[in-house]
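Data block below; observations after.
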Amino acid sequence: MKFIVGLFFLFVFPFVGFAQEYDSFVLTYQRVQVLDESIAVEFVFEQPKKHKFEAALKKGALLSLIVETELAQKKFFRNKLLTTHTLTYYLRYDPLTRQFSAIQDAKTIARNADASFLLDVLIKHINFEIPYQIEKKSAYKLHTKIDLVQANTQSWLSPVQFIGSEKIIQPFEFDYDFSS
């Protein structure tokens, strides 16, 4: 019996601690509206309670907030992938102004001294349209993944010790089934 308990603490216990080290985004609201020639999508997320993205930004890391969505038509054996949509924001810290910036398409869209507030601005209202005309009386699946990862760029001002291949926040994936 002691041997089994010892094996449990040796193999399982380290993974329990690792799994609790990170938290993930929480989906609080979603809306999918089928239009004539597109699908309007709206998501509202809450940020994790425990995260380390502010420390990573202050060390000089450039973070990417990526929302990937796949639209698939449900078939009997396998779903048929119809289209994908990716929304990408970049987060960075400017040490001269001591502010965090959110960037999309090479434009700064928000700036604030509080990194958590800036992330809230981005994830509270994610709206986009997927240009696709769906067939009537068919079933569809919308698969979405939100992830905050370190981009593969380095600061040119000074050598920075990056976090490495670790995740800043665990990715969150979910499916939404609907029919027309």
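The values are calculated or read from the model by the stated rules, or taken from the named source; none is laboratory data. All values reported here derive from a predicted model rather than from experimental measurement. When we count neighbours, we look across all protein chains shown, and the Cβ atoms used for this are built from the backbone with ideal geometry, even at glycine. Note: accessible area is taken over every heavy atom of the protein model, side chains too, but ligands, DNA and RNA are not part of it. Shrake-Rupley method; radii C 1.70, N 1.55, O 1.52, S 1.80 Å.
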Provide the three semi-axes, in whole Å and in decreasing order, of the ellipsoid equivalent to the stretch 20-115 as defined by the square roots of 5 times the Cα gyration tensor eigenvalues. 32, 17, 13
For His85, tell me the accessible area in Å² from a 1.4 Å probe, rounded to the nearest 10. 40 Å²
Gain upon complete extension [Asp177, Gln73; 0.36 nm per residue less C-alpha separation]: 36.5 nm
For the pair Arg98 and Lys80, the simple spin-label estimate (label points 7 Å beyond Cα toward Cβ) gives in nm 5.8 nm
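Kindly sort Tyr89, Tyr140, Tyr29, Tyr176 by accessible area of their heavy atoms, largest first, with the probe set to 1.4 Å.
Working: Tyr89 25, Tyr140 0, Tyr29 100, Tyr176 65 Å².
Final ranking, largest accessible area leading: Tyr29, Tyr176, Tyr89, Tyr140.
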How many nm is it between the label spots at Thr108 and Ala55, if each spot is 7 Å from the Cα in line with the beta carbon? 2.7 nm
Rounded accessible area of Ile66 (nearest 10 Å², 1.4 Å probe): 40 Å²
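Could you please state how large a percent of the accessible area of the stretch 52-94 is carbon and sulfur, counting protein chains only and using a 1.4 Å probe? Walk me through the numbers before you get to the answer.
On the way: 1150 of 2350 Å².
So the carbon and sulfur contribution to the accessible surface is 49 percent.
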Rank these by accessible area, largest first, 1.4 Å probe: Glu135, Glu42. Glu135, Glu42
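Which links in Lys80/Lys107; Lys75/Lys124; Lys49/Lys141; Lys107/Lys141; Lys59/Lys107 stretch past 25 Å when you go from one Cα to the other? Please list the in-between numbers first.
Numbers: Lys80/Lys107 35 Å; Lys75/Lys124 33 Å; Lys49/Lys141 29 Å; Lys107/Lys141 32 Å; Lys59/Lys107 22 Å.
Flagged as over cut-off: Lys80/Lys107; Lys75/Lys124; Lys49/Lys141; Lys107/Lys141.
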